[in-house]
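Below: one structure, written as structure tokens.
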Amino acid sequence: MTPPLLAVSQVGRTYAMGGLLSRRRVHAVDGISFEMPSDKSEIMAVIGESGSGKTTLARMILNMVLPTRGSIRFCGTELSSIRRTHDRLAFMKRVQPIFQNPFEAFNPLKQVDRYLFMTARHIAGLQSVTQVHNAADHALRKVGLSLAEVRKRFPHELSGGQLQRIAIARALIPAPALIVADEPVSMVDASLRLSIVNLLKDLRDETGVSILYITHDLATAYSISDRILILRRGRVVEAGDARTVLDNPQHPYSIMLKAAVPSPDVQP
């Protein structure tokens, strides 16, 4: 049988906090398990407030942090076994991140097109200048931009929405199987959030990429996701089909999160 695209099994991550005499262990992630299939693309939302462990989980899936216990497998390969430079580059080609703050994702002293070219050359493995430029332009056009629009421009010359679209384009250049998007709309204007959410859905449908969508926002999770996990204090408290869970939450924490979402029917 073909292994799952992503298999997270009883994963935990513990940190030691405090000084020598007051040291304590904090379970940022505590026994999380789920799978994403390899035979179809989907968007899975991981929902939780600040401190719920969702960003730590994302960093472990990106192989930036090793789990304290449990295992994470991508296409059957245990991430902890990926150590050689060649293997790490191969993994990065298949799994790409989109981070929360687009202004922190780009060095303000470097032109943004350099990031696209570096990804095309060093991650996607393209050699010629023509191939590199074509790959950058093709990815930018998927997010509603073009290389001509962003060429030789610095981050301060672009809006937050444009920068986040460029970050998404950069992630698309290696044609990944999985994108881990950590709060990708929380730092852009509210007017742009829906357009970026819809863009991610379109990319799933057009390219077949699966997306792990990390968020605290139930409204965008409801709009974008096929399945969801709701985290609290590092543990999954509810999981399942997005519409089923969000329309009729069962856990008290899930009910509380839903109640906090502003209703468009409420009159001022």
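The values are calculated or read from the model by the stated rules, or taken from the named source; none is laboratory data. The structure presented is a predicted model; accordingly, all values stated were derived computationally and were not measured. Note: ideal-geometry Cβ built from the backbone for every residue, glycine included; neighbour counts use all protein chains shown.
Of note:
- Within region 142-165, considering residues that are among the hydrophobic types (A, V, I, L, M, F, W, C) and assigned to a loop (DSSP other than H, G, I, E, B), the one nearest to residue 200 (Cα to Cα): 143
- Qualifying positions in region 189-229 - in contact with an Asp or Glu (Cβ under 9 Å, 6 or more places away or on another chain) and of a type in the set (D, E, K, R): 193, 204, 217, 226, 227
- Close pairs from region 2-24: first under 13 Å from residue 76 (Cβ atoms) and among the hydroxyl-bearing types (Ser, Thr, Tyr), partner surrounded by 10 or more Cβ atoms within 10 Å (Cβ to Cβ) and at pLDDT 90 or above, Cβ under 7 Å, at least 6 apart: 2/38; 9/33; 9/70; 9/71
- Within region 218-262, being among the basic types (Lys, Arg) and either surrounded by fewer than 20 Cβ atoms within 10 Å (Cβ to Cβ) or under 18 Å from the mean Cα position of the chain (by Cα) (or both) holds for 227, 233, 235, 243, 258.
- Residue 191 being out of contact with any strand residue (DSSP E or B) (no Cβ under 7 Å at 6 or more places or on another chain), assigned to a loop (DSSP other than H, G, I, E, B), on the phi < 0 side of the Ramachandran plot and small (Gly, Ala, Ser): no
- Residue check, residue 175 touching a Leu at 6+ places or on another chain (Cβ under 9 Å) and of a type in the set (Gly, Ala, Ser): no
- Within region 189-198, considering residues that are touching a helix residue (DSSP H, G or I) at 6+ places or on another chain (Cβ under 7 Å) and either free of Cβ contacts under 8 Å to residues at least 12 places away in the same chain or farther than 27 Å from residue 249 by Cβ (or both), the one surrounded by the most Cβ atoms within 10 Å (Cβ to Cβ): 192
- Looking across region 124-141 at every residue that is of a type outside the set (A, V, I, L, M) and surrounded by fewer than 17 Cβ atoms within 10 Å (Cβ to Cβ), the one that is modelled with the lowest pLDDT is identified as 127.
- Residue, surrounded by the most Cβ atoms within 10 Å (Cβ to Cβ), within region 56-98, restricted to residues that are over 14 Å from residue 33 (Cα atoms), of a type in the set (Val, Ile, Thr) and in contact with a helix residue (DSSP H, G or I) (Cβ under 6 Å, 6 or more places away or on another chain): 98
- Checklist (1) more than 17 Å from residue 101 (Cα to Cα); (2) without any contact (Cβ under 8 Å) to a residue 60 or more places away in the chain applied to residue 169, failing item: (1)
- Check on residue 53, surrounded by 18 or more Cβ atoms within 10 Å (Cβ to Cβ), touching a residue at least 24 places away in the same chain (Cβ under 8 Å) and at positive phi: yes
- Residue list for region 142-185, filter: at pLDDT below 90 and β-branched (Val, Ile, Thr): 185
- Each residue in region 102-115 was checked for being surrounded by 20 or more Cβ atoms within 10 Å (Cβ to Cβ) and within 18 Å of the chain's Cα centre (by Cα), and 2 of them qualify.
- Residues in region 109-132 that are in contact (Cβ under 8 Å) with a residue 12 or more places away in the chain, more than 17 Å from residue 165 (Cα to Cα) and not in a loop (DSSP other than H, G, I, E, B): 122, 123, 132.
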